[in-house]
1. Which aspartates and glutamates, on any chain, are close to LYS72 with Cα under 14 Å apart, when same-chain ones fewer than 8 places away are left out?
2. Residues with beta-carbon under 15 Å from that of TYR60, excluding TYR60: net charge, scoring Lys, Arg +1 and Asp, Glu -1?
3. Please state the relative contact order of region 4-130 as a whole percent: Cα pairs under 8 Å, 6+ residues apart?
4. Write down the Kirkwood hydrodynamic radius of the chain, to one decimal in angstroms, obtained as one divided by the mean of 1/r over all alpha carbon pairs.
5. Quick one: compute the contact order of region 68-136, relative version, from alpha carbon pairs under 8 angstrom and 6+ residues apart, as a percent.
6. So what is the calculated 222 nm ellipticity per residue for the chain, using -39500 (n - 2.57) for each DSSP H run with n of 4 or more, over all residues, to the nearest 500 deg cm²/dmol?
7. Given labels modelled 7 Å from the Cα in the Cβ direction, how far is it in nm from GLN9 to GLU131?
Amino acid sequence: MLTINESVQVLLSDKAVVIRRFYDRFLAECPEARPYFDDVKLEHQASLLTIALVTMETHYSHSYPATEHYLKVLGYRHRDNGIPPQLFPRFGESLIATLKEYHGADWNDGLELQWNEAFAKTTATMLEGYEMEFTY
């Protein structure tokens, strides 16, 4: 049975396929998100999403203070960029559907539960940061 940690390892070995498919799906299923990607280079965004997936798994599995802080800053940056938190669940739905499609026969109920829990925990932490003020 594939675990979330193993899922991330597989994704890291072939990230281009799953990341591109995710953005195609997300922007098709959530057209209201498109304006937030108008000036975004998807190659760069793909790298950021890869880091986010690793961070999501790490935050879920270990809850390091540094990971928590990073996610709070990420939430703040989303607010600073005008991205409404109402888009977060839609993002998660598209992400989980893409991961399920990508893993195919290796996908299982336990893995789906782990990714859903990881996304929920990550989103909650980002939303804490969304309401905070950070200075750099």
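1. ASP80, GLU128, GLU131, GLU133
2. Result for the neighbourhood of TYR60: -4.
3. 40 percent
4. For the chain, the Kirkwood estimate is 15.3 Å.
5. Here the relative contact order equals 69 percent.
6. Calculated at 222 nm, the ellipticity per residue is -25000 deg cm²/dmol.
7. It is 3.8 nm.
All of the numbers you see were taken from the coordinates with simple rules; none came from a lab. Please read all numbers here as calculations on a predicted model, not as lab measurements. Using ideal geometry, Cβ is built from the backbone for each residue, glycine included, and neighbour counts are taken over all protein chains shown.
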